[in-house]
Amino acid sequence: MVAGHVVLDISCLDRLYLTGYVAKLQTPGRVVYFPHDHHGKPIASPAPALLCRTGPERKIVRRAIAATGTTGAIGHPHDHPPPGNMSYDHPMRRPASDYAAAAVFLVLFAIGGLVTTLLSPHESAALRLWASTNVASLQHHPVPALVLSAFLPSGPPFAWLALIALTMFGANRAVGTARLALICAAGHLIGTGVSEGIVAYRVDYGSLPPAWSHIPDVGPSYVVVSAIVVAVMFGTWLTRVTALAVFAVLVFVSHIFAGLTSLHVAAVGHLTAIVTAAALGLVLAVRQRGVRAGADGMTPAPDGCQIKMNVGVVFGSWLSQRLSQQAGVAGGVAGHVAPEP
């Protein structure tokens, strides 16, 4: 009576594949059993990341989560913290952590500006000279000079506070605290090293007087221009417009590239910091594009999770064909044994 009227309809192959892999998924526990009992996780979650059990697989999945902006739980959130500034169990805390690097730098620079304001002019000038990243300071106390010079303003600190806030918060939101701190620190250190290295070379060969080894060189400008590059490369349209506006102020008002043709310290340092930040940003962009491609299945990813997915698709296709063939044969047999009246 039903021959020729019943066909095999498969709407999803995941259940067939997972049933063949873990039969207890068809028990009343279902998905809860798979992460809790089979994988031994204290928290049962249907997140796809739970299918990846080994260390390398979890690493790829966490990168994919960070690149796509989705969330999921891999075991207990405190056992496997998410990458960057993501938070699985405290979603409302994410905005505060997204601005950690910018907030810390802004507070430390405000403290440095307050200290220089409260000191007498002579003491303030002495502090700036001691913390300067000039050739003499880099030879005698390089670490304190490199650290303190970024938090001491060369002039009134109030304008710099606004520029830091307009630039770094958007960049921090775009790439996260650790990446922004790394890029800005690299821009500051490499920009200082290249610019002061040129000065040391020219002083040694007599093209500059020895007094250039003791010039004052403090300020957050290397950090700010590095953050501008990050904001332009990875920020939203509003972040990019704001960063470009700050950059225009630095170029046309502060004249950060003045004396570049004569290898002036500040001009060379700013250009080097920008190139350094752009190079590191390019590396980060390439890595994010690779993670997105691997997560979307467009390119093969060298991890077990992608292999499992590919095997599951192949197995599901083969199983679908076999069941379809068996359903057709069964329908034909039923038609001969019990034809329609």
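Computed from the coordinates by the stated procedures, all read-outs in this text should not be read as laboratory data. Just so you know, these numbers come straight off a predicted model, no measurement behind them. Methodologically, a virtual Cβ is constructed for each residue, glycine included, from the backbone with ideal geometry; neighbour enumeration extends over all protein chains shown.
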### Summary
Selection over region 267-292 where residues are of a type outside the set (A, V, I, L, M), within 13 Å of the chain's Cα centre (by Cα) and buried (at least 17 other Cβ atoms within 10 Å of the Cβ) yields a count of 1
### Message
Cβ-Cβ distance below 6 Å, separation of 6 or more or different chains: which pairs start in region 177-199 with a residue that is touching a residue at least 24 places away in the same chain (Cβ under 8 Å) and under 15 Å from Ser221 (Cβ atoms) and end on one that is among the aromatic types (Phe, Trp, Tyr) and surrounded by 17 or more Cβ atoms within 10 Å (Cβ to Cβ)?
### Response
Gly187/Tyr222; His188/Tyr222; Gly191/Tyr222
### Query
helices (runs of 4 or more DSSP H) wholly in region 128-239 with at least 2 residues that are farther than 19 Å from Ala273 by Cα - which ones?
135-140, 157-175, 177-204
### Task
Give the residues of region 241-266 that are surrounded by fewer than 24 Cβ atoms within 10 Å (Cβ to Cβ) and within 19 Å of Ala103 (Cα to Cα), sorted by residue number.
Thr242, Val246
### Query
What number goes with the only condition from (1) among the β-branched types (Val, Ile, Thr); (2) closer than 25 Å to Ala131 by Cα; (3) without any contact (Cβ under 8 Å) to a residue 40 or more places away in the chain that Val241 does not pass?
(2)
### Message
Cβ-Cβ distance below 8 Å, separation of 6 or more or different chains: which pairs start in region 247-267 with a residue that is touching a residue at least 40 places away in the same chain (Cβ under 8 Å) and end on one that is of a type in the set (Ser, Thr, Tyr)?
### Response
Leu250/Ser221; Val265/Ser195; Ala266/Ser195; Ala266/Ser221
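For every residue, the table says whether it meets (1) over 22 Å from Leu250 (Cα atoms); (2) in contact with a Pro (Cβ under 8 Å, 6 or more places away or on another chain).
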position: Arg128; (1), (2): no, yes
position: His140; (1), (2): yes, no
position: Val143; (1), (2): yes, no
position: Ala165; (1), (2): no, no
position: Thr177; (1), (2): yes, no
#### Entry: Residue list for region 131-168, filter: under 19 Å from Gly197 (Cβ atoms) and polar (S, T, N, Q)
Ser132, Thr133, Asn134, Ser137, Gln139, Ser149
### Message
Any residue that is in contact (Cβ under 8 Å) with a residue 24 or more places away in the chain and surrounded by 13 or more Cβ atoms within 10 Å (Cβ to Cβ) - is there at least one of those in region 206-213?
### Response
yes
## Note on the structure
All-but-one check, Val232 against (1) in contact with a Leu (Cβ under 8 Å, 6 or more places away or on another chain); (2) buried (at least 19 other Cβ atoms within 10 Å of the Cβ); (3) among the hydrophobic types (A, V, I, L, M, F, W, C); (4) touching a residue at least 24 places away in the same chain (Cβ under 8 Å), failing number (4)
